[in-house]
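Please read the structure below before turning to the comments.
The values are calculated or read from the model by the stated rules, or taken from the named source; none is laboratory data. Predicted, not measured: the structure shown is a model, and the values here were computed from it. Don't worry about glycine lacking a Cβ; one is built from the backbone with ideal geometry, like all the others, and counts go over all protein chains shown. These accessible areas exclude ligands, DNA and RNA; they are computed on the full protein's heavy atoms, side chains included. Shrake-Rupley method; radii C 1.70, N 1.55, O 1.52, S 1.80 Å.
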Amino acid sequence: MIKAVIFDKDGTLHDTEKVYHRAWCAAAEQTGVPDIMDFVALCTGTNAHQTAILWQDFYGDAYDFPSFWALRDTLYDQIIEKDGLPIKEGAYELLDYLQANGIKIGLATSTNAERVNRHLELSDMKKYFDAVVTGDTVPNGKPAPDIFLIAAERMGTDPAQSMGVEDSFNGVRAVHAAGMYTVMVPDMIAPTDEILGLCDACPKTLADIITIIENMKGSKNHD
């Protein structure tokens, strides 16, 4: 029985991975950093600390990470300010369902606290969450399970009775490593055989998770 659902933010609840990709590409164009999308494929889902480590491995000292990261963030914020904050299909429907059914709701995101709080206010989602854990508060980012385990601990729920919902490969790896029911709702990248092997479910939309949970209830009642 699922007693808590813990979500990733970008690409899962907020349809912002496309915005990040625009910002990564624009920053790379302005600074002359090559092969940026190859790098993005490696770091998607990780926090800033983990991304900096991956950057050093990928680019060495050829390009300055802090200045590039700051530029990318500035461009990202400009896009959101101009175009608004896009929301993933079924997000509010699922959140309303979970809250109405007494299932605790957590957020485990690699994004920093300042941006997370701002976006939760913009999307009117702050009211749903029993725990919010941000990437700048957890040294070991995804694919390490730490951020999901901390969210479950703060809500007082057993990881084995929790569901983690992700869109990135690193996020799926983190949820699986945390021992949670692992759900991937694909966003920009289709799951590989490795990732499908880690998932308990791979629905098309967030709203489809309602059916998954209802079926779990039915199975328990039948047993």
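Numerical summary
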item: Of Lys126/Lys217; Lys3/Lys126; Lys82/Lys204; Lys18/Lys142; Lys88/Lys204; Lys127/Lys204, those spanning more than 22 Å from alpha-carbon to alpha-carbon; result: Lys126/Lys217; Lys82/Lys204; Lys127/Lys204
item: Placed amide H near Gly141: partners under 5 Å, 5+ positions off or other chain; result: Asn47, Gln50
item: Among beta bridges that DSSP assigns inside the chain, antiparallel share in %, nearest 5; result: 5 percent
item: Amide H contacts under 5 Å for Phe7, placed H, 5+ residues apart; result: Gly106, Leu107, Ala108, Val165
item: The chain, accessible surface, carbon-and-sulfur percent (1.4 angstrom probe); result: 51 percent
item: Debye, to nearest 20: dipole size of the chain, +1 on Lys, Arg Cβ, -1 on Asp, Glu Cβ; result: 560 debye
item: Fraction of alpha-carbon pairs over 18 Å apart in the range 168-223 - percent; result: 37 percent
item: Nearest-0.05 FRET efficiency for Arg154 and Lys217, computed from C-beta distance (R0 25 Å); result: 0.50
item: Distance histogram in 10 Å bins (all Cα pairs of the chain, percent per bin); result: 8, 34, 37, 16, 4, 1, 0
item: Low-density loop cleavage sites - trypsin sites (Lys or Arg not before Pro) in the range 88-159, where at most 14 other Cβ are within 10 Å (DSSP); result: none
item: Accessible surface of Glu81 - all protein chains present, 1.4 Å probe, nearest 10 Å²; result: 150 Å²
item: Peptides 61-73, 5-17, 155-167 ordered by average Cβ neighbours within 10 Å, highest first; result: 5-17, 155-167, 61-73
item: Cα-only Debye scattering, the range 104-211: base-10 log of I(q)/I(0) at q = 0.14 Å⁻¹; result: -0.53
item: Net +/- balance of residues flanking Lys88 in space, Cβ distance below 9 Å, scoring K and R +1, D and E -1; result: -4
item: Size-normalised alpha-carbon gyration radius of the range 7-114, reference 2.2 N^0.38 Å; result: 1.22
item: Rule-of-thumb Rg ratio for the range 100-154 [Cα; 2.2 N^0.38 Å; N residues]; result: 1.13
item: Cβ crowding within 10 Å averaged over residues, with 199-209, 43-53 ranked highest first; result: 43-53, 199-209
item: Per residue accessible area of the range 121-205, 1.4 Å probe, in Å²; result: 43 Å²
